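No value in this document is a laboratory result; all are computed from the given coordinates. Since the model is a prediction, treat every value here as computed from it, not as a measurement. Here the Cβ is made from the backbone with ideal geometry for all residues, glycine too, and neighbour counts use every protein chain on show.
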Amino acid sequence: MQYNSKTNWQRDDIVTEKDLNRIEQGIKDACTKLAGIQEGATNYQHPATHPATIITEDSTHKFVTDTEKTNWNNKADTSKLNEIEQGIEDVHEKMGKIRYMQNTEPTVKEEGLTWFNPETGLLYIHDGTRYVPVPPVQILQEVIDFYEDDVKIQHNSTIKNNGGIVICNQHVGSDVMQLTDNQDPVIDGKCGIKFIANKDMDGIRYYLFKTHPNMGTITLFNDNFQELKSQNIYSSGSLYYPIVAGKTYILCAVSKINKYMYLGANGTPAFPYASEYIDVISSVLDTNTTVNSYVYAFRCISPIVPASTSGTAIVEITNTEKNIKSWDLATYQNTLDGETVTIDIETSPDGSVWTTEFVDISQNFDISTIDSMKDIRFKINLSRSNIDNNPSCDYLARRFVR
């Protein structure tokens with residue numbers, strides 16, 4: 001029942017039984033309705049965000065997609081259009097003053113005379129001695145293919161892979177020793193080499209002179225002959241163990257108990273066999289450093305290089321275009337894979353001393369302020385927090401006006 005309120009009571013009005021019943025009934029009805037409302041139902045909380053689908057676009061309010069933003073940001077730099085337009089205007093002005101238009105050189109030769117050859121499309125002006133061509137304005141973009149012969153790359157923990165520059169993952173480094181003077185000494189015990197690690201490694205790749213049925217294991221010891229890692233013997237293989245820079249290790253072929261084995265040997269050692277990762281400092285026989293016989297089980301060893309978390313590459317074009325009027329822009333394409341790739345620009349007047357000109361450039365970066373007499377090269381900087389990710393620089397390009 002709808003409640004009929006009375007809101008104009010006066011001081012001396014008489015309250016009847018009917019009025020009281022009407023008021024009580026109104027209170028009862030209100031309480032009944034309130035009891036049916038869920039607690040907190042009227043406690044409205046405005047959401048912090050709204051889905052884009054509830055927005056109605058109009059001519060002055062529209063959404064922009066990521067693709068549209070990328071397309072806008074990658075539009076060509078128009079800063080050189082004025083220079084191009086002026087060049088075209090100059091040509092038109094000269095065309096309007098052309099004295100001769102023919103396929104052969106005019107016989108009249110006076111300074112300032114103009115001649116256009118329609119067969120070649122070249123415009124000439126006589127300089128008082130001869131007709132010289134007027135060079136047209138050209139804008140050339142030089143895309144750098146990392147596999148071209150005229151591209152020089154200096155790698156630091158990076159490699160070329162699938163057409164791009166990437167950070168080195170775990171790999172086998174350069175060989176150490178390469179011994180070739182084979183003999184057949186009889187060994188009962190341990191035979192191998194002692195080495196110092198110059199850098200941290202994930203293990204050692206080894207190559208034996210030969211194997212023998214009495215060989216037991218390939219074993220890595222510390223310099224006190226405490227065993228660190230052992231595995232079955234093969235003519236070559238990889239022994240994985242975290243090797244720490246600055247520590248000394250012993251790598252041995254170990255014979256079976258009370259069994260003799262025949263191994264190769266090198267009669268002309270040249271200790272140390274030094275390399276970036278490993279310095280081989282002596283041969284080892286049983287538990288002693290060999291002084292006379294220089295017996296070896298190993299023909300050569302190689303470091304198992306751990307995956308790098310960062311790296312750089314210097315990219316230089318060795319046959320740089322000489323007829324450059326001005327530099328225009330530099331650009332690139334990177335694959336980030338959730339990591340970081342930045343590009344720096346270095347310049348040099350003669351290719352001997354290079355100076356960093358710009359750091360972490362953007363795509364289509366303006367390089368018109370660089371002196372046209374200077375050469376330009378790129379420095380690629382890659383880093384990653386997860387070695388399973390593979391950020392890369394896929395190509396570079398520089399543009400110039402000629």
ask   = If you plug each phi of segment 234-249 into the Karplus form 6.51 cos²θ - 1.76 cosθ + 1.60 with θ = phi - 60°, what whole-Hz ³J(HN,Hα) values come out, in order, with x for Gly and Pro?
value = 9, 5, 8, x, 10, 10, 8, 6, x, 9, 9, 4, x, 9, 9, 9
ask   = Summing -39500 (n - 2.57) over the DSSP H runs of n ≥ 4 in the chain and dividing by its residue number, what mean residue ellipticity at 222 nm do you reach, to the nearest 500 deg cm²/dmol?
value = -3500 deg cm²/dmol
message = Can you tally the net charge around THR16? Count Lys and Arg as +1, Asp and Glu as -1, for every other residue whose Cβ sits under 15 Å from the Cβ of THR16.
response = -2
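Going highest first, how would you order 368-380, 203-215, 352-364 by mean Cβ packing within 10 Å?
Descending mean neighbour count gives 203-215, 368-380, 352-364.
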message = Give me, ordered by chain and number, the residues 5 or more places off ILE233 or on other chains with an amide H under 5 Å from its own placed amide H.
response = ILE218
query = Fewest first, what order do HIS46, HIS126 take by the number of other Cβ atoms within 10 Å?
reply = HIS46, HIS126
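Using the 10 angstrom Cβ neighbour count as an exposure proxy, how do MET201, MET177 rank, fewest first?
Ascending number of Cβ neighbours within 10 Å: MET177, MET201.
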note = Exposure-ranked with fewest Cβ neighbours within 10 Å first, THR32, THR309 stand as THR32, THR309
task = Return the label of the correct value of Cα extents along the principal axes in Å, as calculated from the structure shown, out of (i) 132, 101, 32; (ii) 69, 48, 42; (iii) 85, 70, 50.
result = (i)
